[in-house]
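Chemist: Okay, here's the structure, questions in a sec.
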Amino acid sequence: MLETVRNDFGPLLSVSLSASYPDRPDVLQGVQFDVQPGEILALVGQSGCGKSTIALCILKLLGVKGGKARGAIRFQGRDLEWATEREMRAIRGREIAMVPQSPLSSLNPALRIGAQLKEAWRAHAEGEWEAAKPRILQLLESVDLPCDEGFLRRVPSQISVGQAQRVLIAMAVIHRPRLLIADEPTSALDLITQREVLDLFARLNRELNMAILYISHDLLSVAALCHRAAVLERGRIVECGGAEQIFERPAHPYTRRLIDALPRVRQPSGIGQTF
Amino acid sequence: MSFQAASIGATRRVVLVAALSLGACFVQGGELRFSIRSDPKTFDPLLAQDEASETVRYLTGGTLIRIDRRTQKFIPELAESWQITAGGTKVVFKLRQGVLFSDGTPFSADDVAHTFRRVMDPNLHSPVGDSFRSGPGEIKTEVQGPARIAVTFPAALAGMERLFDQLTIVSARSPKKERATLGPFVAGEHKPGSYVMFRRNPNYWKKDAAGRRLPYLDSVRADIQQNRDLELLRFKRGEVQLIDTLDPELFDRLSADSPGEARNAGASLESEMLWFNQVAAAPLPSYKKAWFRSKDFRRAVSSAINRGDLCRLAYKGHADPAAGPISGANRLWVNAKLTPHVFEPQAALARLQRGGFRLDAGTLRDPQGNVVEFSLATNSGNKTRARIAALIQQDLAKMGIRLNVVPLDFPSLIERMTRTYDYEACLLGLVNVDLDPNAQMNVWLSSAGNHQWNPKQKTPETPWEAEIDRLMLAQSSALDPKKRKAAFDRVQEIVWEEAPFLYLVNKHALAAVSRSVLNASPVALWPRLYWNPEFLQVANQMARTR
Amino acid sequence: MTTAAKVAGVLLLAVVATSLAAGLLSPVSYETQFRESPNAPPCRQFPLGTDELGRDRLARLLYGSRVSLLLAPAAAGLSVALSALIGITAGYAGGWVERATMAAADLFVSLPWLFLLLTVRALIPLNVTPWASILITFLLLGVLSWAPGARVIRSGASALKRSEFALLARASGCPKPRLLWKHILPNLRPLMAAQFWIAIPVFILSEANLGMLGLGIAEPLPSWGGLLGELQDPGRIAGNPALLAPAVLLTVFLSCFQSVFSKEDK
């Protein structure tokens, strides 16, 4: 109840960030945006504009890549900039989860799929893995993965990229996080699989009321999936608004260039209709 | 054409061979190279104790009198002549004049007096000084002019001339102290573990028969080389020209390969021996000290060792079983009545059992029930010694004694023997430098530093060591050679009876001399090959032929 | 597995089995001295002849194999464990810990080990049994050889630490120790295995070198090192080709080793 009340008072996530790497100063320059509960917000921009840095900043993991962040991150009314590593660990994976960009290299090549799922579960759960297993298998089924023991015994090199991405999604949602950060989740996938994965995100958003920060350079998928979009150029947000508004009435010249660069499709506005 | 060229080459070779064989080819300059076993522990001639330091001393030091290693007679060096008076307690030297130290400092009687003061300084613990101690009292020197000095001993010192062969005269005045030398060479660069260089002493006083200034060689390089296989390999390659000691196996092989270069100088003065650490303060368990200090234990171990097998298997027959400290090669001083301890393991075991030891399921235990086990330290890199150790190990195993063979590098072995006394038994060969028993004073006197089994005793700890002290001092002051011989015979008998050293074998003197070295002839006495370093010549491309 | 690798595996097993069954295969002990027949040529009683003290060369070879084959893998295991501990710590900790550790490794590699081993050997109590002396030798070999392996493992650990899956594990809230244990260590296992297999022949040869220096293996215990020492002189081999037996065995062992285990790694 308390959470609901709090949610009513403000956004789920509120970000105001600057960040730099030793060799790339000013990757982010005063980037500000909010994510409302249950909302799918797209962060759009070209490669290298700092989109992935935002994901790491939110999880306070930029240090792993050697970067430094300044600014404020407010999540569920809490200032994360003061959170200790211990507190952050409790948030990562349980409150805020991430689906990374490259499915195969994000899975540990030495661990079986079952073990990787178990690790993701073990990070925030007590008790017997065997007892939790039926729920995990159910979860696999819900992300259209084979839900048998044989699949759990495979190692990453024995599954397809699409399957790997679904495993990563399953791992991310295992604890039903409030916010899912999806960092270019479809870039490594073929078109049909992309479509299926986007379907999956939409369903998760609907069924679990899970907010999604959808980071992508792929405008088509953004148009299909997202409620709102923010356009990022050289470390700044140049335009932010409803997805349809941005597509139909782009205000910023950079946004316009992005849209012009799209391949011509016959019915641009109809893409989202199936959702 | 080619035929002609070949014939010229052949002619040249014939000429060279003829010149070498007649010894007519005179060569000056060049570098002689040979190997020594370890780094010298000291460059101070008065402190030399290990073989490498003695080598340094021999090549660089000038002495008043030398023993001719071949004729075994005394020859005047820095002393032109000398006279022994006052019942053998006094010697007056007439010194050679116009002699300079290597640094140009003139040599005079003051230097001799200074040398005596220094060598007899009790704080120096000089092994050379020990050999001059004929009895209690001071040694006095009296400078009677720049070229005349008298030395008075507290008691008669028999055969004293020999002692001066080891007494290197050090300079009283030179700022270089003992680095200023009077010998044919000057110690140069020393690269520890690698080599010691010796340069020609430009001020060396000696000239050859033709009036040419000696030495002939420009330099001598003593490579530090423990591995005798490598030494032989380098000899075959011409990188070293002398090998003063060859293992029997290597000797056999070299004689097969190049018969002229393998030289057997006959029976040597060297013996291999084993001794137990009897030092009271040694860091050993007291029950072990009790074994080592028991004559019955030592004699039993001695009788358990098959010396015949040692000669046959470890030396390929190039050795004889040893009876005592003096080998048959020393005809004047050997006690011919002594025979080697007989190999009789049963009697040896019975002897131990009479002392309360018991053989229990193949393991010998002492009266307190301690397992009889001890370590035998020896230097690493000597195959013959390793074989001796393995043979002794097996001989003792049959008596139920466990022997642990421990090869150590030479410097640390010497360290244990002379400073820490942290060893139980040791297998080594000590070199007899001299034929005269007085030269062994530093071994037999219980106060001496080389009294290996229990050195530097303040007073003799056992009656038999006291008796040896008395006999050795007696023979050193007796002037009658027969009395000296009788006293030293008795010493040899006591040593045979008490077995502080277990003499194992007397080796044959096996050496190698390259054909390029002239004037080298191996002798039984140390140093076997470079006893006449000022006269040695090397025929190689570097040398100037005159 | 290829046929060659299978043959090599069988040979390898044969070498290990014969050395373990040394007592059964050889009627005499490696230390018995037949003093009446030193340097015997191969004959019915002594298939490989005897050494200069009349000891059966076959018995010494078999027992020597046991010493070398038993202890070299143990020392290799120790070495790899140390390398892994140090390498992973450095690679995972990063920063000054990593720099200091790698500087120490560089220093370690460049130290004059022969001298140090001599000194260490001289410091060991004199009355150790030959077996203890051997154990100490291999222990030293194992302990002192951590540096090269640690460098390899460090760079592996460092790369793994920066990998995508390690980042994702952290983003999933995986605690650091568990990250190390579950994600980094399993991925270093092939690297550590390679280090282990490389170290075994290296240690056998190192022991051989120490044996030639009169260190390591004390009388009367035989080892491949001591037996190979007899090969220093080519003149003697010509007289008795049986002397080559340990060299042949070592070569067979090492090449079989290579072909079997390099295949297995793939």
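Chemist: What is region B:270-507's relative contact order, in percent, from Cα pairs under 8 angstrom and six or more apart in sequence?
Modeler: Value for region B:270-507: 32 percent.
Chemist: Next up: For region A:96-245, report the convex hull volume of the alpha-carbon atoms normalised per residue, in Å³, without decimals.
Modeler: Value for region A:96-245: 118 Å³ per residue.
Chemist: Okay, next question. In whole percent, what relative contact order does region A:29-102 give with Cα contacts below 8 Å and a gap of six or more residues?
Modeler: So the answer I get is 18 percent.
Chemist: Let me ask you something else. Can you give me the P(r) profile for region B:65-151? Cα pairs, bins 10 angstrom wide beginning at 0, each as a whole percent.
Modeler: 15, 42, 38, 5
Chemist: Considering all alpha-carbon pairs of region B:270-507, what whole percent are spaced by more than 23 angstrom?
Modeler: Counting pairs separated by more than 23 Å, the tail of P(r) holds 48 percent.
Chemist: Now for a separate question. What accessible area, in Å² to the nearest ten, does a 1.4 Å probe give for B:Thr152?
Modeler: 50 Å²
Chemist: Return P(r) of the protein assembly as shown (all Cα-Cα pairs; 10 Å bins starting at 0; whole %; ordered from short to long distances).
Modeler: Going from the shortest bin to the longest, the percentages are 2, 8, 14, 15, 13, 10, 8, 8, 8, 7, 5, 2, 0, 0.
Chemist: Using only alpha carbon pairs under 8 Å that are at least six residues apart, calculate the relative contact order of chain B and give it in whole percent.
Modeler: So the answer I get is 21 percent.
Chemist: In addition: Pull out a ≥ b ≥ c, the square roots of the eigenvalues of the alpha-carbon gyration tensor of chain B, then state rounded if a/c is under 1.5, prolate if not and a/b is larger than b/c, and oblate in the remaining case.
Modeler: Taking the square roots of the gyration eigenvalues as a ≥ b ≥ c, chain B is oblate.
Chemist: Work out the count of Lys pairs in region B:270-507 where the Cα-Cα distance is under 15 Å, with the pair 8 or more places apart or on different chains.
Modeler: Eligible lysine pairs with Cα atoms under 15 Å apart amount to 4.
Chemist: Can you work out the base-10 log of I(q)/I(0) for region A:97-177 at q = 0.13 1/Å, using the Debye formula on its C-alpha atoms alone?
Modeler: Results for region A:97-177 at q = 0.13 Å⁻¹ read -0.33.
Chemist: Taking only protein heavy atoms into account and a 1.4 Å probe, give the accessible area per residue of chain B in Å². Each step should come with its number before you reach the end.
Modeler: Working: 21360 Å² over 546 residues.
It amounts to 39 Å² per residue over chain B.
Chemist: Chymotrypsin sites (Phe, Trp or Tyr not before Pro) within region B:334-423: which are DSSP loop residues with at most 14 other Cβ atoms inside 10 Å?
Modeler: Details: sites: B:Phe343, B:Phe357, B:Phe374, B:Tyr421, B:Tyr423; in loops: B:Phe343, B:Phe357, B:Tyr421, B:Tyr423.
Counting only loop positions with at most 14 other Cβ atoms within 10 Å, none of the chymotrypsin sites (Phe, Trp or Tyr not before Pro) in region B:334-423 qualifies.
Chemist: Can you pull the semi-axes for region A:17-171, root of five times each eigenvalue of the Cα gyration tensor, sorted largest first, whole Å?
Modeler: 31, 18, 15
Chemist: Hey, if you drop one equal point scatterer on each alpha-carbon of chain C and run the Debye formula without solvent, what base-10 log of I(q)/I(0) do you get at q = 0.11, 0.14 Å⁻¹?
Modeler: -0.72, -1.02
Chemist: Using protein chains only and a probe of 1.4 angstrom, how many square angstrom of C:Val7 are accessible, to the nearest 10?
Modeler: 80 Å²
Chemist: How many partner chain Cβ atoms sit within 10 Å of a residue's Cβ in peptide B:373-384, on average, as a whole number?
Modeler: Partner-chain Cβ atoms within 10 Å, mean over residues of B:373-384: 3.
Chemist: Students often forget the sequence filter, so: which lysines lie under 23 Å Cα-Cα from C:Lys176 once same-chain residues fewer than 8 apart are removed?
Modeler: A:Lys60, A:Lys65, A:Lys68, A:Lys118, C:Lys161
The values are calculated or read from the model by the stated rules, or taken from the named source; none is laboratory data. Since the structure is predicted, the reported quantities are computational estimates derived from the model, not experimental observations. Neighbour counts run over all protein chains shown; Cβ positions are idealised from the backbone, glycine included. Note: accessible area is taken over every heavy atom of the protein model, side chains too, but ligands, DNA and RNA are not part of it. Shrake-Rupley method; radii C 1.70, N 1.55, O 1.52, S 1.80 Å.
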